[in-house]
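**Student:** I have a structure I would like to understand better, so I am pasting it below and will then ask my questions one at a time.
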Amino acid sequence: MTTASGAAATDSSDLDTERLRRWRLVLGGEAEGSCGALGGRDQRMDNALDALYAAANSKAAPRGRPDTRGQRSAGLQASAPNVARWLGDIREFFPTSVVQVMQRDAVDRLNLRQLLLEPELLSAVEPDIHLVGTLLSLNRLMPDETKQTARQIVRTVVEDLERQLAQGFRAAVTGALNRAARTNRPQPRDIDWNRTIRANLKHYQPAYRTIVPERLIGYARAAKTVKRDVVLAIDQSGSMAASVVYASLFGAVLASMKTLKTSLVAFDTEVVDLTPVLTDPVDVLFGTQLGGGTDINKAIAYCQSLITKPTDSIFILISDLYEGGIRDEMLRRMAEMTAAGVQCITLLALSDEGAPAFDQRNAAALAELGVPAFACTPDRFGPLMAAAIERRDLGPYTAVG
């Protein structure tokens, strides 16, 4: 018969064993003496960790399985079969979020970019936005047979992001356009009765038990006319990879809305207008070239030429503001657009990554011109666009990072 104290002792022993197992996986072979040996699936999991983190942390370590001294010493080696096998292993052992982190570490730590040019390897990779950025940076180097696989991976990620973000983003922008189109002289079928009643509660007539509205609130019937021009300018420097992906997705959503005229421009030291392919964010992404220098001034000059209705235009510059062109001209052009009535916004990043690195001097100079500069996560881009459409105050420049 098992006593309560015996059961408690067994539970405590199981917890200690599990705790030691986890520490052994974290610390590697050198902890085997104090944490115990691994077997079966745990040993395979440990080998997968060794293959990445041991090789990355010790260039002198021999490749292969952990050696007899218990040091982490495995490696992926520069061979597609080894990497493909390792990719399969980590997908078996770890959840998707962990797999994506390990893939990113493998590319960064072991310089596996060249292997991503092989279609057999790409088909084994777990798609995520960071992988998309890497593939886009390799775009010009890819052989034709690899590009098709790369496009499929990019499309998978973009469609997943679209499912997560597009509906809420579209609703925020549509709502803002409707609010911006309100009128105090609506046609009967266009009256917003809820807002009209709230605005006229003080005119309630007790004798008649009703409200006699002094003014009506409704929507202007101009749904098929363009209400705002939106120009997105995206910095293609390597650090902006995630921002490029999200901006391309949101640009495609904006382009599908008939009440907006949307242009999308990508730039490094040259400027390319991607508006003709804006309906497909994958085509937009493969039209970019991540990396290289930055000439923000040249990009702004081109975007100025696209703006024909300043007071109905929104210009969004997505850049870390590290200017390789003529800084004074960049600031002058932004001042000119703002003075003309263009709603100008600078996004230092449009990504999930948090505080970005950016040129604080240029961000502060833009803030003095009335151009706010801040980072924005993808879920907040819809409310940001809504505020810009309604010309609400976006707040002062906030130093980020």
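**Student:** Near the amide H of residue 313, under 5 Å away, which other amide H atoms are found, from residues 5 or more places off or on another chain, if H is placed in the peptide plane?
**Tutor:** For residue 313, whose amide H was placed from the backbone, the distant partners under 5 Å are 229, 343.
**Student:** Show the residues, 5+ positions off or on another chain, whose built amide H is closer than 5 Å to the amide H of residue 211.
**Tutor:** Distant-sequence amide H within range of residue 211: 205.
**Student:** Once amide H atoms are placed 1.01 Å from N in the peptide plane, what residues at a sequence separation of 5 or more from residue 271, or on another chain, have their amide H within under 5 Å of its amide H?
**Tutor:** So residue 271 has HN proximity to no qualifying residue.
**Student:** So how do 137-146, 242-251 stack up, highest first, on mean other-Cβ count within 10 Å?
**Tutor:** Top of the packing list down: 242-251, 137-146.
**Student:** Under 28 Å between alpha carbons, and skipping anything fewer than 8 positions from residue 227 in its own chain: which lysines qualify?
**Tutor:** Partners found: 258, 261, 298, 309.
**Student:** Highest mean first, how do 88-97, 118-127 rank when packing is the count of other Cβ atoms within 10 Å averaged over residues?
**Tutor:** Packing order, densest peptide first, comes out as 118-127, 88-97.
Every read-out reported here was derived from the displayed coordinates using simple, explicitly stated rules and does not represent laboratory data. Predicted model only: the values in this text are computed from it and were never measured. Because the Cβ atoms are built from the backbone with ideal geometry, glycine has one as well, and the counts that use them run over all protein chains shown.
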